[in-house]
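*Asks:* One structure is given below, represented as structure tokens, and several questions about it will come after.
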Amino acid sequence: MGEIIDGRLLADKMQARLKEEVEAIVASGGTRPGLVVIQVGANPASSVYVRNKENSAIKVGLHSQVDRLGAETTETELLNLIEEYNNDPKFHGILVQLPLPSHINEDKILDAIHPDKDVDGFHPVNMGNLFVGTPTKIPCTPYGIMKMFEAYNIDLNGKNAVVIGRSNIVGKPIGALMMAENATVTTAHSRTKDLAKVAAQADILVVAIGRAKMVDASFVKEGAVVIDVGMNHDENGKLCGDVDFASVEPKASYITPVPKGVGPMTITMLITQAVETALGRKIDFTGILG
């Protein structure tokens, strides 16, 4: 039976550490770290995500601002607003909530955010730094997964890792991060032949394919570490991941649940990168679970 990797507990402990860092900055006369989230339109799912990010930012003591813009906002107006925040020293992180309305080019918007303030880690400069082995800002979900490995003392050195999913948001960057820790990484996807057979070779299995409960016990080697990045709803409307937790959990050595797994860590790493920008250094979370 697998040990549950409690993303909610880890996120709470990391946020408590972040709050201490923020208070120390302010106590020393520094500028309170600031994060601005820009939402264009009123996509219901986006509104939930934005609210969660805002609440977490406030919880750790950030100067938090949310700009909720109408769906009719033009691309030029949005680009001008981003440039204002790029030049505003009160804000150390800028996040534009995706998806954007169809008349706005998402790539152009993400490219407009200054790399130093790109707390999502999606700017081409930051992605390039990651893939050449000198990461600065890191996509938040992969960053959170690496912190899970660190907190639970899961050693990647020499391990066979399989990532199911090849997105720029999760699949590609988590593969690069695990390779940097000396794992041998296979990136698989929906068109991989004998996908279950490939996955079943993994010591570390990261699943980010966006299909509810697609990965069952046949995909998992006995004793594997299973990280479920999926966020779906099952036939009863209940939140679930890409992994069939009930069938996989007995075979896994460690496994993330959905909810309370990877999700809380994604937001925590977003906040972390804003605080790290203000500090000018990485924060050491060693021993955070005590």
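The values are calculated or read from the model by the stated rules, or taken from the named source; none is laboratory data. Predicted model only: the values in this text are computed from it and were never measured. Here the Cβ positions follow ideal geometry from the backbone for every residue, glycine too, while neighbour counts run over all protein chains shown.
*Asks:* Just give me the residues in the range 14-55 being outside any helix (DSSP H, G or I), β-branched (Val, Ile, Thr) and loosely packed, with under 14 Cβ neighbours inside 10 Å, in sequence order.
*Replies:* Step one: filter the range 14-55 for residues outside any helix (DSSP H, G or I), giving 28-43.
Okay, now just the ones that are also β-branched (Val, Ile, Thr), so 31, 36-38, 40.
The answer is Thr31, and nothing else.
Each row is one residue, and each column tells you yes or no for (1) over 22 Å from Thr73 (Cβ atoms); (2) without any contact (Cβ under 8 Å) to a residue 24 or more places away in the chain; (3) under 18 Å from the mean Cα position of the chain (by Cα).
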position	(1), (2), (3)
Glu21	yes, no, no
Ala24	yes, yes, no
Pro33	yes, no, no
Gly41	no, no, no
Ala45	no, yes, yes
Val50	no, no, yes
Glu54	no, yes, yes
Ile58	yes, yes, no
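*Asks:* Is there a residue in the range 186-204 that is outside any loop (DSSP other than H, G, I, E, B), of a type in the set (Ser, Thr, Tyr) and either crowded, with 22+ Cβ neighbours inside 10 Å or within 19 Å of the chain's Cα centre (by Cα) (or both)? Give the derivation first.
*Replies:* Of the range 186-204, the ones outside any loop (DSSP other than H, G, I, E, B) are 186-188, 195-199, 204.
Add one more test, that the residue is of a type in the set (Ser, Thr, Tyr), and what stays is 186-187.
Subset that is either crowded, with 22+ Cβ neighbours inside 10 Å or within 19 Å of the chain's Cα centre (by Cα) (or both): 187.
Yes.
*Asks:* Kindly indicate whether any position in the range 249-260 is in a strand (DSSP E or B) and surrounded by 14 or more Cβ atoms within 10 Å (Cβ to Cβ).
*Replies:* Yes, some residue in the range 249-260 is in a strand (DSSP E or B) and surrounded by 14 or more Cβ atoms within 10 Å (Cβ to Cβ).
*Asks:* Can you tell me which residue within the range 105-119, out of those that are touching a residue at least 24 places away in the same chain (Cβ under 8 Å) and crowded, with 16+ Cβ neighbours inside 10 Å, is nearest to Phe91 (Cα to Cα)?
*Replies:* Selected residue: Lys117.
*Asks:* Considering only the range 58-81, state which residues are surrounded by 19 or more Cβ atoms within 10 Å (Cβ to Cβ) and out of contact with any Pro (no Cβ under 9 Å at 6 or more places or on another chain).
*Replies:* Correct list: Ser64, Leu78, Leu81.
*Asks:* Now for a different question. Does the range 3-13 contain at least one residue that is under 30 Å from Val226 (Cα atoms), part of a loop (DSSP other than H, G, I, E, B) and at pLDDT 95 or above?
*Replies:* Yes; the residues of the range 3-13 include at least one that is under 30 Å from Val226 (Cα atoms), part of a loop (DSSP other than H, G, I, E, B) and at pLDDT 95 or above.
*Asks:* Can you run down the residue pairs with Cβ atoms below 8 Å, 6 or more apart or on separate chains, where the first is in the range 273-290 and charged (D, E, K, R) and the partner is in a loop (DSSP other than H, G, I, E, B)?
*Replies:* Glu276/Lys282; Glu276/Ile283
*Asks:* A follow-up question, please. Tell me, yes or no, whether the range 238-246 has at least one residue that is modelled with pLDDT of 95 or more, touching a Gly at 6+ places or on another chain (Cβ under 9 Å), not aliphatic (A, V, I, L, M) and not in a loop (DSSP other than H, G, I, E, B). Full working, then the answer.
*Replies:* Start the filter on the range 238-246 by keeping residues that are modelled with pLDDT of 95 or more, which leaves 240-246.
Now drop any that are not touching a Gly at 6+ places or on another chain (Cβ under 9 Å), which leaves 240-243.
Cutting the leftovers down to not aliphatic (A, V, I, L, M) gives us 240-242.
If we keep only those that are not in a loop (DSSP other than H, G, I, E, B) too, we end up with 240.
So far as the range 238-246 goes, yes, one or more of its residues are modelled with pLDDT of 95 or more, touching a Gly at 6+ places or on another chain (Cβ under 9 Å), not aliphatic (A, V, I, L, M) and not in a loop (DSSP other than H, G, I, E, B).
*Asks:* Those residues that are out of contact with any Ser or Thr (no Cβ under 9 Å at 6 or more places or on another chain), within 19 Å of Val22 (Cβ to Cβ) and crowded, with 17+ Cβ neighbours inside 10 Å, I need them from the range 86-104; list them, please.
*Replies:* Phe91, Ile94, Leu95
*Asks:* Taking the range 69-96, which residues are farther than 23 Å from Met14 by Cα, touching a helix residue (DSSP H, G or I) at 6+ places or on another chain (Cβ under 8 Å) and not hydroxyl-bearing (Ser, Thr, Tyr)?
*Replies:* The answer is Leu69, Glu75, Leu78, Leu79, Ile82, Glu83, Asn86, Val96.
*Asks:* Can you name every residue in the range 227-237 that is at pLDDT below 95 and either part of a strand (DSSP E or B) or not charged (D, E, K, R) (or both)?
*Replies:* Met231, Asn232, His233, Asn236, Gly237
*Asks:* Please go through the range 83-121 and give me each residue that is over 23 Å from Ser167 (Cβ atoms) and among the hydrophobic types (A, V, I, L, M, F, W, C), ordered by number.
*Replies:* Matches in the range 83-121: Phe91 only.
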